[in-house]
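See below for the structure under consideration.
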Amino acid sequence: MKDQRIVIVGFMGCGKTTVAKALAALLGCGLVDLDAIVSAQQNLSVPELIKERGESGFRDAETAALQVVLDRQTPRIIALGGGAWTIERNRDLINQHGCLSVFLDAPYDLCWQRITTHPAPRPLALDEASAQELYRERHRFYALANIRVGVTDQLSADNLAARIAEAIARRATPPH
Ligand code: S3P
């Protein structure tokens, strides 16, 4: 249990990368960001990849990167891109590798506010109506994660990391 890998999932703007960093600091373990691996492997940024190869080309590269990350035993924490967990083949890979999945459940308005204020381009959330529809469609897949942690604007990344660590500890020692 101590070394079980933890996969952080959730919609764009829910705070996956930031919370994953805080969790890695709290647990004293390593962290990898799947988008960064995809980008390094393909020698293109994620937005460039989507532009050049379309979403399906990006998804193929994303699954290939996920496979490589999971086949290596380290690091312990893996922050996914927002769409990765919504694809069945990726969830199967993650579950087959015995990872614990954590859903950062942020309200849509908070995600959208962060998407529009963050400098990183999100080619799959170009306008509010389509982003909201995507959020609605994806929620049922995120809800398949092992652990759900509610995100609000008031909760810091350290606070959320502490909640995740508590939830993991509770799972490891179920009540008698
Ligand atoms: C995507 C989310 C992005 C990135 C790509 C596609 C999505 O990652 O993987 O633009 O489909 O939700 P973040 O969730 O880190 O923004």
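Readers should treat all values here as calculations from the given coordinates under stated rules, not as data from a laboratory. Fair warning: this is a prediction, and the values are worked out from it, not measured in the lab. Virtual Cβ from ideal backbone geometry, glycine too; neighbours counted across all protein chains shown.
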- What nm value, rounded to one decimal, do you get for the distance between SER130 and ALA36 when each label is placed 7 Å out toward the C-beta? 2.8
- Item | Inter-centroid distance (Cα atoms) of segment 9-25 relative to segment 37-57, Å | 21
- Task: Rounded, prolate or oblate: pick one for the chain, where a ≥ b ≥ c are the square roots of the eigenvalues of its C-alpha gyration tensor, a/c under 1.5 means rounded, and failing that, prolate if a/b is larger than b/c, else oblate.
- Result: oblate
- For segment 43-147, how big is the tail of P(r) above 21 Å, as a whole percent of Cα pairs? 41
- Long-range amide H partners of PHE11 with built H, under 5 Å: ALA106
- Shape call, segment 108-155: gyration tensor on alpha carbons, a/c limit 1.5: oblate
- Using mean Cβ contacts within 10 Å as the protection proxy, how do 10-16, 160-166 order, highest first? 10-16, 160-166
